[in-house]
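The values are calculated or read from the model by the stated rules, or taken from the named source; none is laboratory data. Everything quoted here is computed from the prediction, not taken from an experiment. Heads up, the Cβs are rebuilt from the backbone with ideal geometry, glycines too, and the neighbour counts pull from every protein chain shown.
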Amino acid sequence: MDIPDYDKALYYTLWGQWDDLLVLMVRTNDDMLSKRIQHFLHSFYYSSDQDNVIKNHDQLLYYIDHAMKYTPTVVMEV
């Protein structure tokens with residue numbers, strides 16, 4: 001998983017570019033990111049409950065924030 005996927009997800013989410021977010025959902029290797037995007041887009045298009053849409057939007061943003069803080073440890077070869 002590359003950090004640019006998280007950057008793209010954040011950008012598309014904040015600027016409302018749902019078509020690009022859908023393409024990212026399909027192409028990313030991060031299953032959790034893909035699932036969070038799927039839940040948000042589904043609630044955005046099909047849910048009549050505004051609170052549900054906001055909840056899924058916030059969960060997507062929280063996951064992106066959490067994933068961007070993670071930096072994998074470097075493995076040194078001997």
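Considering the stretch 3-30 alone, what residues qualify as being touching an Asp or Glu at 6+ places or on another chain (Cβ under 7 Å) and not hydroxyl-bearing (S, T, Y)? Write out each step before concluding.
The first filter runs over the stretch 3-30 and keeps only residues touching an Asp or Glu at 6+ places or on another chain (Cβ under 7 Å), leaving 5, 12, 24, 28, 30.
Within the stretch 3-30, D5, L24, D30 qualify.
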| task | Name every residue in the stretch 5-50 that is free of Cβ contacts under 8 Å to residues at least 12 places away in the same chain, exposed (fewer than 13 other Cβ atoms within 10 Å of the Cβ) and assigned to a loop (DSSP other than H, G, I, E, B), in order of residue number. | result | G16, S48, D49
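Of all residues being exposed (fewer than 10 other Cβ atoms within 10 Å of the Cβ) and not in a loop (DSSP other than H, G, I, E, B) in the stretch 51-75, which is modelled with the lowest pLDDT? Just the residue, please.
Quick first cut of the stretch 51-75, residues exposed (fewer than 10 other Cβ atoms within 10 Å of the Cβ) only: 51, 69-75.
This time we only want the ones that are not in a loop (DSSP other than H, G, I, E, B), so: 51, 69.
Working: D51: 97, K69: 85.
Checked the stretch 51-75; the qualifying residue modelled with the lowest pLDDT is K69.
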